Amino acid sequence: MAYIHSLNYYLPKKELTNEELSHDFPEWNVEKISSKTGISKRFIADDFEFASDMAIKAANKLFSKNNFDKNKIDFLIYCTQSPDYLIPTTACIIQNKLELKKCAAFDFNLGCSGYIYGLSIAKGFISAGIAKNILFITSETYSKFINFRDKSNRTIFGDAASATIITKEKGLCQIGDFELGSDGSGFDKLIVKSSGVKGSIINNESEKSDEFGNICSDKNLYMNGPEIFNFTGTSVPILISSYLSKINIKLDQIDLFVFHQANKFMLNYLRKKIKIPNEKFVMEIEDSGNTVSATIPIAICNILKKNKVNPGSKVLLAGFGVGYSWGATMLNF
């Protein structure tokens, strides 16, 4: 068995409000942005604030708020798609700067399903006796990949980091079974083409406009919104149905559903299609935006603050997106 002991998150100081975006894109007023995305503001890392910096701040906040002895950490797992370098592993840099003991540390590259995958990895290591106390961090700075004139991506994405301690000892909640999957045929639907080794060699960096008037080059984040929506609308209901069947639990036995906080329109579409009651569906996107792998832990922190979880609560988590990839698990409180 593996348990979440505690979790917390960090948001950069710089806010990007709908008023500012409306000023940059006059054809989108504040109300339109808010109603379409469900987001009022998002937080953007400073020019010289990187994902690793946010990761360290999230971890230190977690240790401080929960009075957890960081010397007990014997494994560090770091999920990001904006590493400091291709070489070396950013997790090793974080381990050193956090002054953790010389524990094992590694990165993995995954986006909106990253929190689910990370929990599964941590549970596997604990179940196998490889680790007892794992620090699992997600941190993303998509803003550094987004073209200033790309209104769709600028309105949706924000930067953030989360830190979670997963232990062998009984804690806040028990981590349940998993359902994971991927479909690499959609790899190019959300991509930074001029990134990594292959991308830096074969792609050009001339700017171009898509059918919606968003400007980007190959060094920027490109998202095919309609294709991402089609993938999500098809795959997520199948994921939830398959997972519930796997663990032999009915939909109405779940107390709360925490999905990756993509945007309001997509979340409402999924809620209605899966037939989840509105009062059981968590929507925590307004004050931070789509923070990729950090949306689910941010949402969990917020529902805990709002006392929406009680002893015995079953909370289903589902992540989905870039890759394509998806995953689900249950938190038993």
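Points worth noting:
- Helices (runs of 4 or more DSSP H) contained entirely in region 185-280, each with at least 1 residues that are in contact with a Phe, Trp or Tyr (Cβ under 8 Å, 6 or more places away or on another chain) and crowded, with 18+ Cβ neighbours inside 10 Å: 225-247, 264-274
- Residues that are assigned to a strand (DSSP E or B) and surrounded by 17 or more Cβ atoms within 10 Å (Cβ to Cβ) within region 1-40 comprise Tyr3, Ile4, His5, Ser6, Leu7, Asn8, Tyr9, Tyr10, Leu16, listed in sequence order.
- The set of residues in region 44-64 that are open to solvent by 20 Å² or more (accessible area, probe 1.4 Å) and either of a type in the set (Asp, Glu) or under 18 Å from Leu16 (Cβ atoms) (or both) comprises Ile44, Asp46, Asp47, Phe48, Phe50, Asp53.
- Of the criteria (1) assigned to a loop (DSSP other than H, G, I, E, B); (2) within 27 Å of Asp210 (Cα to Cα); (3) of a type outside the set (Val, Ile, Thr), which one Lys170 fails: (2)
- Filter result (basic (Lys, Arg) and touching a Lys or Arg at 6+ places or on another chain (Cβ under 6 Å)) within region 184-217: none
- Some residue of region 295-316 being touching an Asp or Glu at 6+ places or on another chain (Cβ under 6 Å), in a loop (DSSP other than H, G, I, E, B) and at pLDDT 95 or above: yes
- Flag for Leu256 being in contact (Cβ under 8 Å) with a residue 40 or more places away in the chain and within 16 Å of Gly327 (Cβ to Cβ): no
- Residue among Gly289, Gly323 that alone is under 25 Å from Ser139 (Cα atoms) and surrounded by 24 or more Cβ atoms within 10 Å (Cβ to Cβ): Gly289
- Selection within region 66-124: residues that are in a loop (DSSP other than H, G, I, E, B) and in contact with a Pro (Cβ under 9 Å, 6 or more places away or on another chain). The member of this set that is surrounded by the fewest Cβ atoms within 10 Å (Cβ to Cβ) is Asn109.
The values are calculated or read from the model by the stated rules, or taken from the named source; none is laboratory data. Every value quoted in this text rests on a predicted model; they were computed, and no experiment measured them. Glycine also receives a Cβ, built like all others from the backbone with ideal geometry; neighbour counts cover every protein chain displayed. SASA here: full protein model, heavy atoms, side chains in, ligands and nucleic acids out. Shrake-Rupley method; radii C 1.70, N 1.55, O 1.52, S 1.80 Å.
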